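K.L.:
Attaching a single structure in C-alpha cells format; questions to follow.
The values are calculated or read from the model by the stated rules, or taken from the named source; none is laboratory data. Values in this document were obtained by computation on a predicted structure and should not be read as measured data. As a convention, Cβ positions derive from the backbone with ideal geometry for all residues, glycine included, and neighbour counts pool all protein chains shown.
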C-alpha cells in the first residue's frame, strides 16, 4: 500500500507570502533548486508553459517581420567596453570566463547578461545601405546576472530565459511604431495566456535601461502589495549606433547613423502568475499554460475496479483529442490523495468517475480555481470542458484585474501619499514634476520608486507632491521587487 499522504502547502499566502511562494513552486513540482545557487530547474510543467509562451509570441513577432537568430553566449570584454553607459549598468552582474583548463585567456569573456554588444558588432558589418533596413532580429535564450545576494525562483533568478529583440531602423519614428506593436503583443499574451493584467507606461529617466534614451514597461502588482516589472521595450536612439559604428547610406546618398530598439519578456512572468493566481492549496495554472489541463480520477469500490477503469478510459478517449488529459489510475492511493496532489499542481479541471457516474452516464467535473462541482453527461463532456476552460481563464483574469485596480491609490499631496503607502500599500499614483531630485528624495524617504508613468494618465493634478512645482505627469510610485 502506497503512503497515503500528499505534500501540503503549510504556509498561508495571506500570512507569510514569501514562505508560501517558496513552498508552492517546489512542492508542486513546477521547478526545483539546482546545484548552482540561484539557478533553477524547469520541470516538465514549467518548461511546457514557457514553450507555449515562446510559440505564441514568436508567431506574433513573425507577423510584424521580426526574425529569429542566435548569437554566442560568450562576449569579449572589449565589446562590452564599447558602450560605457550600458556596460556600467551591467558591471556588477557579469560572470566572467577567464581560463580554459590551466591556461588564462588573453581576453576575458562575459557570460551573456544581454546581447547588445555582440550583436551590434555584427550589425555594423551587415548594414551598409537603406536597403538593408529595417533589420528586426530576436533570439530566445538564457542569460546570467549574478549581482544579488538573495535569489528567488522566477522573480530574481541568476539564470533566466527570455526573448531579446534587437531592431535597427532608418528613422526614430519606426522605433516608436514598433514599440506600440511589441508592447501590444506582450500585453495580449499576458492577458490571453497568463491571465495577468498590467500597467503599461514609460520608465523614468533613472529607471530606464542602461544605454537607452527611453524605456517602456508593463508593471504588475504582487499579492504583498509590491510592484514588479514585466515585459519592456527600449528606444535606444542612436547611442549604440555611435558606439558600434552602425551606419547606412540613405536614399539621398548621405551616410547616416541608424536608430535602434531592444525588447524582452522573461520567465519572471511565471513568478507573477504563480503569486497572483495560486492559493493555499497550491498552484492555479491558466488553462492555456497547463501541462495537464484535465485529470481523470477513478473512484473504486471493492469489485468495481475493472468496470470503473473501462469507464474512465472511455472518458479519456473522449477528451484527449482536444485537451491535455491525464488518467490517474495509480493503485494504492486514495481519491483524496489524488485530489490534493493534482490541486497542488494547479490542474484546471478534475473529472471524477465512479459507479454512480456510470449508472447515470455522467462524470463529476470540478474546477480548480473555485472548487465548483457539476455533474455532466458523458456525451457533453468535451463541449462543457471547453466552455469551462474559457470561463476559468476569464475568472482568473477578472479577479486579478480587480485586485490590481483595488491596489492603485491616487494621492494629490505628499501627506496623502505617505498615508496611502503606510495604510494601503500597492501603487500610489501621484503628480510629479519629472525632477530626478524629487524622485530621489521620495525614494530615500519612503523606499518607493517610479515604476512607470502610465500611458493612461487620467486627470493630472497641478502640483508635484514633493516640491509643489508644476506637475508634468501622474507617475506610479511603489515599493518594488
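K.L.:
Restricted to region 208-222, and to residues that are in a loop (DSSP other than H, G, I, E, B) and either at pLDDT 95 or above or more than 19 Å from the chain's Cα centre (by Cα) (or both), which residue is farthest from residue 174 (Cα to Cα)?
P.N.:
Only one residue tops the list, namely 222.
K.L.:
Answer with yes or no whether residue 401 is over 29 Å from residue 336 (Cα atoms), out of contact with any strand residue (DSSP E or B) (no Cβ under 9 Å at 6 or more places or on another chain), modelled with pLDDT of 95 or more and surrounded by fewer than 20 Cβ atoms within 10 Å (Cβ to Cβ).
P.N.:
Yes: the conditions hold for residue 401.
K.L.:
Kindly list the number of the only condition in (1) out of contact with any helix residue (DSSP H, G or I) (no Cβ under 7 Å at 6 or more places or on another chain); (2) surrounded by fewer than 18 Cβ atoms within 10 Å (Cβ to Cβ) that fails for residue 341.
P.N.:
The single condition residue 341 does not satisfy is (2).
K.L.:
Please state which one of 160, 154, 148, 169 is surrounded by fewer than 17 Cβ atoms within 10 Å (Cβ to Cβ) and either free of Cβ contacts under 8 Å to residues at least 40 places away in the same chain or assigned by TED's automatic domain parsing to the domain that holds residue 41 (or both).
P.N.:
Every option except 148 fails the conditions.
K.L.:
Could you tell me which of the residues 442, 392 is part of a helix (DSSP H, G or I), buried (at least 19 other Cβ atoms within 10 Å of the Cβ) and without any contact (Cβ under 8 Å) to a residue 40 or more places away in the chain?
P.N.:
From the options 442, 392, the qualifying one is 442.
K.L.:
Same structure, new question: Return the residues of region 25-55 that are buried (at least 17 other Cβ atoms within 10 Å of the Cβ) and within 26 Å of residue 187 (Cβ to Cβ); say none if nothing qualifies.
P.N.:
Passing the criteria: 25, 30, 31, 42, 45, 46, 49, 50, 53.
K.L.:
Further question on the same structure: Restricting to region 116-139, name every residue that is in contact (Cβ under 8 Å) with a residue 12 or more places away in the chain and either in a helix (DSSP H, G or I) or over 19 Å from residue 168 (Cβ atoms) (or both).
P.N.:
Once the filter is applied, which keeps residues that are in contact (Cβ under 8 Å) with a residue 12 or more places away in the chain and either in a helix (DSSP H, G or I) or over 19 Å from residue 168 (Cβ atoms) (or both), region 116-139 yields 116, 117, 118, 119, 120, 121, 122, 123, 124, 130, 132.
Okay, residues lined up against (1) modelled with pLDDT of 95 or more; (2) part of a strand (DSSP E or B); (3) within 31 Å of the chain's Cα centre (by Cα):
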| residue | (1), (2), (3) |
| --- | --- |
| 225 | no, no, yes |
| 228 | yes, yes, yes |
| 233 | yes, yes, yes |
| 248 | yes, yes, no |
| 256 | yes, yes, no |
| 260 | yes, yes, yes |
| 265 | yes, yes, yes |
| 269 | yes, no, yes |
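K.L.:
Right, something else. Against the condition more than 25 Å from residue 392 (Cα to Cα), surrounded by fewer than 20 Cβ atoms within 10 Å (Cβ to Cβ), touching a residue at least 12 places away in the same chain (Cβ under 8 Å) and not assigned by TED's automatic domain parsing to the domain that holds residue 52, how does residue 364 come out, does it pass?
P.N.:
no
K.L.:
Select from region 303-325 the residues that are surrounded by 17 or more Cβ atoms within 10 Å (Cβ to Cβ) and over 24 Å from residue 359 (Cβ atoms) and list them in ascending order.
P.N.:
323 - this is the single residue of region 303-325 that is surrounded by 17 or more Cβ atoms within 10 Å (Cβ to Cβ) and over 24 Å from residue 359 (Cβ atoms).
K.L.:
Okay, next question. When the residues of region 400-415 are filtered to those that are in a helix (DSSP H, G or I) and free of Cβ contacts under 8 Å to residues at least 24 places away in the same chain, which remaining residue is farthest from residue 471 (Cα to Cα)?
P.N.:
Filtering region 400-415 for residues that are in a helix (DSSP H, G or I) and free of Cβ contacts under 8 Å to residues at least 24 places away in the same chain, the one farthest from residue 471 (Cα to Cα) comes out as 402.
K.L.:
Something else about it: I'd like to verify a number: residues in region 367-384 that are touching a residue at least 24 places away in the same chain (Cβ under 8 Å) and outside any helix (DSSP H, G or I), how many?
P.N.:
4
K.L.:
Might you check whether a residue that is more than 28 Å from residue 269 (Cβ to Cβ) and at pLDDT 95 or above occurs anywhere in region 148-167?
P.N.:
Within region 148-167, not a single residue is more than 28 Å from residue 269 (Cβ to Cβ) and at pLDDT 95 or above.
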